Amino acid sequence: MSTELTYPCSLSLDVPFPDARLANVALQALRVDKELSALVQKELSAVDSTLKVRYKATTNRMLRVAVNSFFDSLALVLEVMEQLDVDVIETRKAEEETG
C-alpha cells in the first residue's frame with residue numbers, strides 16, 4: 001500500500017532563519033516532540049538556513065491539529081531564541097545600526 005494513499009493530506013513548510021546555526025537549533029528543539037498519533041507523520045530537516053517541515057496525515061482535521069501544535073512549538077522556540085540567543089540580539093542591533 002502506498003504511503004500517499006494512507007496519508008493523503010500533506011503540508012510542506014520552509015521556515016527561514018537568519019543563519020544555518022539557528023535553523024539547526026530550531027531543528028534540535030522541535031524534533032524531540034514526536035507525533036502523538038499514528039495518523040500523522042512529521043519530517044523535519046535543516047537545509048542551510050531553512051527549517052524544512054513536512055506533515056502527512058490521514059485527514060485534514062488531523063493535519064490541522066498537528067500543524068497548529070507545531071506552530072505553537074515553533075513560536076516558543078523563536079521566542080526563546082529572541083530572548084536568550086546572544087548572537088540574535090547582536091545581529092539585530094547591528095542591522096538596526098546599519099539600516
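The values are calculated or read from the model by the stated rules, or taken from the named source; none is laboratory data. This one's a predicted model, so the numbers in the text were calculated from it and none came from an experiment. Here the Cβ is made from the backbone with ideal geometry for all residues, glycine too, and neighbour counts use every protein chain on show. For the accessible areas, the whole protein counts, side chains as well, though only heavy atoms, and no ligand, DNA or RNA atoms are used. Shrake-Rupley method; radii C 1.70, N 1.55, O 1.52, S 1.80 Å.
Taking the condition of being open to solvent by 50 Å² or more (accessible area, probe 1.4 Å), of a type outside the set (D, E) and part of a loop (DSSP other than H, G, I, E, B), how many residues in segment 9-27 meet it?
1
The set of residues from segment 51-71 being in a helix (DSSP H, G or I), open to solvent by 60 Å² or more (accessible area, probe 1.4 Å) and under 14 Å from R31 (Cα atoms) comprises S69, F71. Looking only at residues in segment 28-45 that are free of Cβ contacts under 8 Å to residues at least 24 places away in the same chain and either under 12 Å from the mean Cα position of the chain (by Cα) or more than 16 Å from L63 (Cβ to Cβ) (or both), which one is least open to solvent (accessible area, probe 1.4 Å)? Step by step, filter segment 28-45, then rank; the result is L44. Every condition in (1) closer than 17 Å to F71 by Cα; (2) at pLDDT below 95; (3) open to solvent by 30 Å² or more (accessible area, probe 1.4 Å) holds for T6 except the one numbered (1). Restricting A66, A26, A38, A57 to those that are farther than 24 Å from V80 by Cα and either β-branched (V, I, T) or touching a strand residue (DSSP E or B) at 6+ places or on another chain (Cβ under 7 Å) (or both) reduces the list to A57.
Is it fair to say D48 is at pLDDT 95 or above and loosely packed, with under 13 Cβ neighbours inside 10 Å?
Against the criterion (at pLDDT 95 or above and loosely packed, with under 13 Cβ neighbours inside 10 Å), D48 qualifies.
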